[in-house]
Amino acid sequence: MTSPAPRCPTCGGLLAGHDEQSLLASGDRLTPWMIHDLPRIAWIVEYRAAELTDEEKQVVRDATTRMLRALEHDTV
């Protein structure tokens, strides 16, 4: 019996290959919809921030920190 395919802990999407931190296969680039969704997601967080639980706020903080760190250190 094989174990189920790993899923992203945040969105539940199937993880590519063996890298549990990536939804993309090695060498794949971000798709335009991934990049264009970021401003929309930011707007939703801004608009609905008062409704977020402490846990949800922490998820947003963690994701933001990870994205900024990746850009600053150029490690993707």
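List of remarks:
- Among the conditions (1) more than 14 Å from the chain's Cα centre (by Cα); (2) surrounded by 10 or more Cβ atoms within 10 Å (Cβ to Cβ); (3) at pLDDT 80 or above, the only one that Gly17 does not satisfy is (3).
- Where a residue in the stretch 56-73 is under 15 Å from Leu38 (Cβ atoms) and its partner, wherever it lies, is in a helix (DSSP H, G or I), with Cβ under 7 Å and at least six apart: Val60/Val45
- Looking only at residues of the stretch 21-69 that are assigned to a loop (DSSP other than H, G, I, E, B) and at pLDDT 85 or above, we find that the one that is surrounded by the most Cβ atoms within 10 Å (Cβ to Cβ) is Leu52.
The values are calculated or read from the model by the stated rules, or taken from the named source; none is laboratory data. The structure presented is a predicted model; accordingly, all values stated were derived computationally and were not measured. Here the Cβ is made from the backbone with ideal geometry for all residues, glycine too, and neighbour counts use every protein chain on show.
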